Structure formats: C-alpha cells, structure tokens
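Each remark here refers to the structure printed beneath this line.
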Amino acid sequence: MTAAHRRAAVLGHPVAHSLSPVLHRAAYAALGLDTWAYDAVDVTEDQLPAFLDRLDGSWAGLSLTMPLKQTVIPLLDHVEPLAQVVGAVNTVLVQGSGRARTLTGANTDVHGLVAALGEAGVPGGLRSAGVVGAGATAASTLAALAQLGCPTPRVYVRSQARAGALLRAAHRMGVEPRLCRLDDAAGEIGRLDAVVSTLPAHAADPLAAALPAHVGGALLDVCYDPRPTALGAAWAARGGRVVGGERMLLHQAVEQVRLMTGRPGPLAAMDAALAAVLAPATA
C-alpha cells in the first residue's frame, strides 16, 4: 500500500456482523477519499497486542467493539480524558510510523449515545434513567446520561460482584448509580424516562418477555443485530419510544470519521448508506 493510501478497520470478536464498514466507506466516498480503505478484522483479546504492534504508517485509526474496549487501554501511548474517565476506548488513532508511531485512545460512544437518545426525544434535564448491563458500553452510558442531566441512574446487573469496574468508572465521573438486580428490571424500567440496554444479542430476551403491559419512556437498545431486538419490539408494542442501536453506531461513527480524517463526518451520506443496507430487513 502506497503512502497515499490510508487504512482503517473495526476490530472485535465476533465482528462479521458490524455495520461500521458500510458507514466509514460511505464517508470516504462522500469526502472524496478514494485511496482510503476500511475493513472488519476479527481480533480476540489475546491477539490484540500483536495486531497493534504490526500497525504501520498506512494506518489512520481503528474502531473497537466487544471485547476490546477495555483490553486496549494499557496497550496505548495516550488515552484522551473522556475515554480515561469512562474506562472504555472505542477509537484508536494511529499517528506516525516506526519508532515515532503513537496510538491514542478516544471514546465516541458517549457522543453516539447522547445523539441517539436525542432522536428518541430524550431531552436535557433527564429525571430518571436505567442502564441494563455493566460492561464497557454501560460505563459510556453513565457518562451520556450524566450529560443529559441524570447522574443517579439505576443499573441492572446479574452479578453485583462483577460491577466493580463500572463502579470505579462512575466514581471517576462523579456519578452515583444505584445497583439493582437484573431480575427486578422488568417491573421497574417501564416507569423510567429513559432506558439503555447494553446487553449483547438475545441476552435481554427474557426481560422483553417479562415487561408490564405499558411502558412510558424511551428505550435505546445498543444491540442492532437482530433488528429489531426482542426487547425493542416488546417495548414498542407496549407504547414506549424505541431507538435502535444502529443510530448510536451512526453517530459515534460520524465522530470517528472526524477524528481519523480531520474532516467533519458526512452525516447525511452515512445515514443514507445505513438506511440502504438495512432496507432489506424492513421491506
């Protein structure tokens, strides 16, 4: 690959389902970056250090998905303040080459969450909110909800003993989540103004089946495969507002494009590409 060519990719395990290539390639086309390429690469936590070591000067950046958002942090040269306080990196910027190469971690998930919740009509001054799950995306969600005015959300977890990393991130952010049992979520989240599910595919299906007859707030399910999720479909059927995880993906990708290329991400072009690839699923 010549010096004029630049590379980027989304890394994760599994990663074949990712829509990030659709979004970033659409952005490159709209920006006239004809020599840029973006791929999806399946990389496990164990394989990540070696992959990063092989990056050369042709690389502009990486998008990270499960399970790499926390694993990557000690492997980086720099971590931007938001990513540091959240404890989750979903974007790696590659600068320089050889011994002068530096890897900088950033977090665009918070931006994506705030924008997606805005599409669901969640305003600033949010009074009550819930988070389902306790992983890296849950930590970003705490930051997003705090930005929207709710620093004391309920967080529903299967095991409170495994929520240590999330609680440490909350302490760094100055937010005070209330840990609750996942088994109690179905009876409570319908009364909240906003709910974000950060669980992986199908993990929230039992919750969907147990929802009450009516829910009043907005739901963002960050999972977008399958689409709609069982939780999203059940929430909508019970009167709630739903925004799919693909909207969060879109908005965080727009910010990633800006960071990697130095040019504003073309939201309209990326949104159109997303709608086109999702159209067969809704036709």
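The values are calculated or read from the model by the stated rules, or taken from the named source; none is laboratory data. Note that the coordinates shown come from a computational prediction; the quantities given were computed from them, not determined experimentally. Quick reminder, even Gly has a Cβ in these numbers, built from the backbone with ideal geometry, and neighbours come from all protein chains shown. Ligands, DNA and RNA are excluded from the accessible area calculation, which covers all protein heavy atoms including side chains. Shrake-Rupley method; radii C 1.70, N 1.55, O 1.52, S 1.80 Å.
Using DSSP, restrict attention to beta bridges with both residues in the stretch 1-127 and report what percent are antiparallel, rounded to the nearest 5.
35
Apply the a/c threshold of 1.5 to the C-alpha gyration tensor of the stretch 140-196 and tell me whether it is rounded, prolate or oblate.
Judged from the Cα gyration tensor, the stretch 140-196 comes out oblate (a/c at least 1.5, b/c at or above a/b).
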### Task
Using a 1.4 angstrom probe on heavy atoms only, work out the carbon and sulfur share of the accessible area of the chain in %.
53
### Query
Could you give me the ³J(HN,Hα) list for the stretch 210-224, computed from phi with Karplus coefficients 6.51, -1.76, 1.60 and θ = phi - 60°, whole Hz, x at Gly and Pro?
9, 5, x, 5, 9, 10, x, x, 10, 10, 10, 9, 5, 6, 10
### Message
Whole-Hz ³J(HN,Hα) for each residue in the stretch 27-40, computed from phi via Karplus 6.51 cos²θ - 1.76 cosθ + 1.60 with θ = phi - 60°, x for glycine and proline: what do you get?
### Response
5, 4, 5, 5, 8, x, 8, 5, 9, 8, 10, 9, 10, 10
### Message
If I stretch the segment between residue 66 and residue 159 completely, what's the gain in nm (0.36 nm per residue apart, minus their alpha carbon distance), one decimal?
### Response
31.5 nm
### Task
Relative to the longest principal axis of the C-alpha atoms of the chain, give the angle of the C-alpha long axis of helix 267-282, reported between 0 and 90° and rounded to the nearest 10°.
60
### Listed values [x] 6, 25, 30, 22, 13, 5, 1; [y] 7, 30, 35, 21, 7, 1, 0; [z] 6, 29, 39, 22, 4, 0, entry calculated as P(r) over Cα pairs in 10 Å bins from 0, in percent
[y]
### Query
Counting only Cα, what are the radius of gyration and maximum Cα-Cα distance Dmax of the stretch 108-227, in Å?
13.0, 38
### Message
At 7 Å along Cα-to-Cβ for each site, give me the label-to-label distance between residue 277 and residue 97 in nm.
### Response
2.8
### Message
Using Cα springs under 10 Å in a Gaussian network model of the chain, which residue among 54, 263, 247 shows the largest mean-square fluctuation?
### Response
54
#### Entry: Table column - 3J(HN,Hα) (Hz), the stretch 189-203, Karplus curve with 6.51, -1.76, 1.60, x for Gly and Pro
5, x, 8, 8, 6, 8, 9, 10, 9, 10, 6, x, 3, 6, 5
### Message
Given axes a ≥ b ≥ c from the Cα gyration tensor, I'd like to know whether the stretch 1-145 is rounded (a/c under 1.5), prolate (a/b larger than b/c) or oblate.
### Response
prolate
### Query
If you count the DSSP beta bridges with both ends in the chain, what percent of them are antiparallel, to the nearest 5?
20
### Query
Can you tell which of 245, 12, 149 shows the greatest fluctuation in a Gaussian network model of the chain with Cα springs below 10 Å?
149
### Task
Quote the FRET efficiency, to the nearest 0.05, computed for residue 35 versus residue 168 with a Förster distance R0 of 51 Å and r equal to the Cβ-Cβ distance.
0.75
### Query
Which cross-chain or sequence-distant (5 or more) residues have an amide H under 5 Å from the amide H of residue 179, H modelled 1.01 Å from N in plane?
155
### Mean accessible surface per residue for the chain, computed with a 1.4 Å probe while every protein chain stays in place, in Å²
43
### Task
Would you pull out the residues with amide H under 5 Å of residue 45's amide H, same chain only if 5 or more places away, H placed 1.01 Å from N?
none
### Message
Between the stretch 170-213 and the stretch 6-83, how far is it from one alpha carbon centroid to the other, in angstrom?
### Response
29
### Query
What is the spin-label model distance, in nm, from residue 179 to residue 56 if the labels are put 7 Å beyond Cα along the C-beta direction?
4.8
### Query
Whose amide H sits under 5 Å from the amide H of residue 79, counting only residues 5 or more places off or on another chain, with H placed in the peptide plane?
105
